[in-house]
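Scroll down for the structure; my scribbles are underneath it.
The values are calculated or read from the model by the stated rules, or taken from the named source; none is laboratory data. Remember, it's a predicted structure, so these values are computed and weren't measured experimentally. Positions of Cβ are backbone-derived with ideal geometry, glycine not excepted, and every protein chain shown enters the neighbour counts. Side chains included, ligands, DNA and RNA excluded: accessible areas come from the protein's heavy atoms. Shrake-Rupley method; radii C 1.70, N 1.55, O 1.52, S 1.80 Å.
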Amino acid sequence: MSGAGLSGCPVRSFLDLDTFAGGMPRDRLDALRREHRVLWEADGFATGRHLLVLQQADIDHVLKSPALFSSGEGPLLDDFPAEILADQRQSLTFKDPPDHRRHRALVEGAFRTQALEERLPQMQAIAAEIVDRVIDRGSCEFVSEVAIQLPLRVMCMVLGVPDADRQHIVDLTDTLIMADDPDFARDRAEGFMASIALIDYGEALAARERANPGDTLTTRILAAEIDGERLSDRDFGRFFNNLIVGGIETTRNTLSWAMFEFWRHPEQYRMLQADPSLVDAAVEEVLRYRNPVVYLRRTATGETEVGGERVAAGDKLVCLLGSPNRDERFFAEPERFDITRPPANTRRHYRTFGAGPHFCVGMHQARLNLTVMLGEIARRIDDPQVIGAPRHARSIFLDGFKELNLAFKRREH
Ligand code: HEM
């Protein structure tokens, strides 16, 4: 898409599906960050234009000032059809404070450290089972057979989704997240419909759990009160949509990128195998180096300034989360994949999980999924090799793969 006509606009917009065909063009992002503080570009997904926000301080300002920069139009660039937007606005990711705070409190407890500690033995058993299923074959399609499995099974377990429905949930999230990819959806309308179908599924799940309460997050959310009122089954359906989409697609992409980078850097993989205590630092490095969520959109509520640029009510701000992740002001040799970087510094400076009130509520769960799964893989699998050309998902929002074939050997201890 051409950006002609917008002052300071590059020839081709950064957020362009064809530019992203081989994954997010990180070199191009680095060049933009070095040259610009912020940058207007034409909007290929909806009407008008959006402002790319490239510097960490400006990203933090936008994401931490919800009164100036609202989530009310959602985190995606899309201009949603009015009837779908009205429904989505009731969901966590589209809410602004103070309403947002009250809703978010309902799920926070389920992903705090203590809850995770209780869940850990089950997660380790699931991770072992996932590797068991592929190890004797010596190869697998990593995205569907391994990467998605742990986050999917954990989320379904926590929410009380029956095993038989798991594939249906995966199909709907794939259609929703990869609505620009003809392998998953005919058009964007199909993506919107998948989102509604996920909400419908969550609503039906709520009705079942209300009739038969279980030891699940679903039952706990349904029993909770906000300002003396309980959530309706439909409200729960929206929560369900946020948790499923937020919890599954992001983690699966990160794990796929991890194996891709370990294939490119076999010495780093062997280092992890030799010293399993590096797993936390390895997870942080993958999250820094290959953040799966490309951008977060906010919408200006009135006239203000970002990065020295005037913005008006209704303008779209697009925070590029991967930009600070490779900023040389925060990371030495940022283009180098290095699992020995001190993880505390990496966590402080990357923006992989966002910032401000919507900061990822599942961050600890995400890290645990990744450390458990990567730890199990490194312990049992030698010499991972990508075979054939990986297939990237056609998306400008999530950076990841739809197919990554991997060959490997069983590790002899
Ligand atoms: C590598 C894995 C993950 C990444 C990179 C990631 C990234 C993010 C980001 C950038 C946001 C901010 C959205 C915004 O500001 O509009 C977010 C929000 C959210 N994430 Fe995650 N996430 C991950 C895993 C998870 C997991 C495992 C869960 C569930 C257990 C989860 C649930 C959510 C939810 C519900 C929100 C919305 C929070 C709110 O609006 O207040 N995420 N995530």
Task: Odd one out for residue 261, checked against (1) charged (D, E, K, R); (2) touching a Lys or Arg at 6+ places or on another chain (Cβ under 8 Å); (3) more than 30 Å from residue 57 (Cβ to Cβ) - done: (3)
Task: Flag if residue 320 is closer than 28 Å to residue 124 by Cα and surrounded by 14 or more Cβ atoms within 10 Å (Cβ to Cβ) - done: no
Open item on the list: Let me spell it out: the conditions are (1) crowded, with 19+ Cβ neighbours inside 10 Å; (2) modelled with pLDDT under 95; (3) not in a loop (DSSP other than H, G, I, E, B), and residue 51 meets all of them except one. Which number is the exception?
Closed with: (2)
Task: Those residues of segment 110-127 which are in a helix (DSSP H, G or I), in contact (Cβ under 8 Å) with a residue 24 or more places away in the chain and either open to solvent by 30 Å² or more (accessible area, probe 1.4 Å) or under 23 Å from residue 71 (Cα atoms) (or both), in sequence order - done: 111, 113, 120, 122, 124
Open item on the list: Exactly one of these conditions fails for residue 393: (1) open to solvent by less than 40 Å² (accessible area, probe 1.4 Å); (2) modelled with pLDDT of 95 or more. Give me its number.
Closed with: (2)
Open item on the list: Cβ contacts < 9 Å: first residue open to solvent by 40 Å² or more (accessible area, probe 1.4 Å) and more than 6 Å from the ligand (Cβ to nearest atom), restricted to segment 340-368; second residue of a type in the set (S, T, N, Q) and not in a loop (DSSP other than H, G, I, E, B), any location; separation 6+ or different chain. Result?
Closed with: 340/268; 364/113
TODO: Could you check how many residues of segment 254-267 are closer than 17 Å to residue 294 by Cβ and in contact with a strand residue (DSSP E or B) (Cβ under 6 Å, 6 or more places away or on another chain)?
DONE: 1
Task: Search result, residues across segment 57-99 that are closer than 24 Å to residue 310 by Cα, within 12 Å of the ligand (Cβ to nearest atom) and touching a His at 6+ places or on another chain (Cβ under 8 Å) - done: 63, 66, 71, 75
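Here's the yes/no breakdown for (1) in a loop (DSSP other than H, G, I, E, B); (2) open to solvent by 20 Å² or more (accessible area, probe 1.4 Å); (3) without any contact (Cβ under 8 Å) to a residue 12 or more places away in the chain; (4) near the ligand (Cβ under 10 Å from one of its atoms):
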residue	(1), (2), (3), (4)
210	no, yes, no, no
248	no, no, no, yes
262	no, no, no, no
268	no, no, no, no
277	no, yes, yes, no
287	no, no, no, yes
296	no, yes, no, yes
- [ ] Return yes or no: is residue 102 in a helix (DSSP H, G or I), open to solvent by 30 Å² or more (accessible area, probe 1.4 Å) and in contact (Cβ under 8 Å) with a residue 40 or more places away in the chain?
- [x] yes
Task: Among the candidates 27, 60, residue that is within 24 Å of residue 398 (Cβ to Cβ), at pLDDT 95 or above and exposed (fewer than 15 other Cβ atoms within 10 Å of the Cβ) - done: 27
- [ ] Answer yes or no: is there a residue in segment 306-313 that is open to solvent by less than 40 Å² (accessible area, probe 1.4 Å) and at positive phi.
- [x] yes
Task: Subset of segment 14-32 [touching a Lys or Arg at 6+ places or on another chain (Cβ under 8 Å) and either assigned to a loop (DSSP other than H, G, I, E, B) or under 13 Å from residue 322 (Cα atoms) (or both)] - done: 14, 17, 19, 20, 26, 29, 30
TODO: Working only within segment 225-246, note down all residues that are basic (Lys, Arg) and surrounded by 16 or more Cβ atoms within 10 Å (Cβ to Cβ).
DONE: 238
